[in-house]
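The values are calculated or read from the model by the stated rules, or taken from the named source; none is laboratory data. Everything numeric in this text was worked out from a predicted model, so none of it was measured. Cβ placement follows ideal geometry from the backbone for every residue including glycine, while neighbour counts extend to all protein chains displayed.
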Amino acid sequence: MGDGAVRTRRWTRVEYDRLVEAEILGPEDRIELLGGELLVKEPQHRPHATAILLTVRALQSAFGSGWTVQPQLPVALDDESEPEPDVSVVRGEPRDYPDHPSHAVLVVEVAFSRLGFDRERKGSLYARASIADYWIVNLPDRCLEIYRGPVPDPHARFGWRYGQVTTIAADGAASPLAAPGASVPVADLLP
């Protein structure tokens, strides 16, 4: 090991859950598991927090009953990933999930200072997990980025990326794939 190489340890979702259960990691640590790595989440600046609350409200209205809109709760994507998206939408009611849901029909990240991270790293992770509809509420540019059509890509961080990317300005609207009859004004997502 004298060559200066740095070794890292990869974590599984089971190990991560044990760290939480043993209270070694708590909510104040703001850690999430992405592709076997424990990463610190983006700081909660007020515009970021406001956008999360607005997004939850808009998506609850768009999806209605039979869906759960989750703010900053884990989604157990695979054996090495349990991200806590800013907002996710899952089928059913909260009591339908004794464990964290393993799939979401829509995942939304609110990006303020880590836009590239959400586009590249989280985008590749969500594409690998076959999340068909991934949105980024882009606060600096006041727009909504929509990512759809996961495709394999050996050059992407987790071997997958989205094949379709659409940007919608603040005066536009978007329709979730799982609620195609709904129209969500982008302005309703922005602080």
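Hey, among the residues in region 79-112 that are touching a residue at least 60 places away in the same chain (Cβ under 8 Å) and touching a His at 6+ places or on another chain (Cβ under 8 Å), which one's surrounded by the most Cβ atoms within 10 Å (Cβ to Cβ)?
V110
Only one of V40, V20, V56 is under 17 Å from W135 (Cα atoms) and β-branched (V, I, T); which? Steps first, please.
Details: V40 fails: under 17 Å from W135 (Cα atoms); V20 fails: under 17 Å from W135 (Cα atoms).
Only one candidate qualifies: V56.
Just give me the residues in region 150-191 being under 23 Å from F63 (Cα atoms), of a type outside the set (A, V, I, L, M, F, W, C), more than 16 Å from the chain's Cα centre (by Cα) and not in a loop (DSSP other than H, G, I, E, B), in sequence order.
Q164, T166, T167, P185, D188
What's the number of the condition G64 fails, among (1) at pLDDT below 90; (2) exposed (fewer than 14 other Cβ atoms within 10 Å of the Cβ); (3) closer than 28 Å to T167 by Cα?
(1)
Could you grab me the full set of residues in region 160-175 that are out of contact with any helix residue (DSSP H, G or I) (no Cβ under 6 Å at 6 or more places or on another chain) and closer than 28 Å to R128 by Cβ?
Of region 160-175, the ones out of contact with any helix residue (DSSP H, G or I) (no Cβ under 6 Å at 6 or more places or on another chain) are 163-167, 169, 171, 173-175.
Within region 160-175, G163, Q164, V165, T166, T167, A174, S175 meet the criteria.
Looking at region 44-59, can you tell me whether even one residue there is in contact with a helix residue (DSSP H, G or I) (Cβ under 9 Å, 6 or more places away or on another chain), at pLDDT below 75 and farther than 29 Å from P176 by Cβ?
No; the residues of region 44-59 include none that is in contact with a helix residue (DSSP H, G or I) (Cβ under 9 Å, 6 or more places away or on another chain), at pLDDT below 75 and farther than 29 Å from P176 by Cβ.
Does A76 fit the bill of being under 22 Å from I146 (Cβ atoms), touching a residue at least 24 places away in the same chain (Cβ under 8 Å) and either among the small types (G, A, S) or in a strand (DSSP E or B) (or both)?
On the way: under 22 Å from I146 (Cβ atoms): no; touching a residue at least 24 places away in the same chain (Cβ under 8 Å): yes; either among the small types (G, A, S) or in a strand (DSSP E or B) (or both): yes.
The answer is no for A76.
Taking the options R91, R95, R119, R128, name whichever one is modelled with pLDDT under 95, over 10 Å from the mean Cα position of the chain (by Cα) and over 16 Å from P71 (Cβ atoms).
Values: R91 fails: modelled with pLDDT under 95; R119 fails: modelled with pLDDT under 95; R128 fails: modelled with pLDDT under 95.
Going through R91, R95, R119, R128 in turn, just one is modelled with pLDDT under 95, over 10 Å from the mean Cα position of the chain (by Cα) and over 16 Å from P71 (Cβ atoms): R95.
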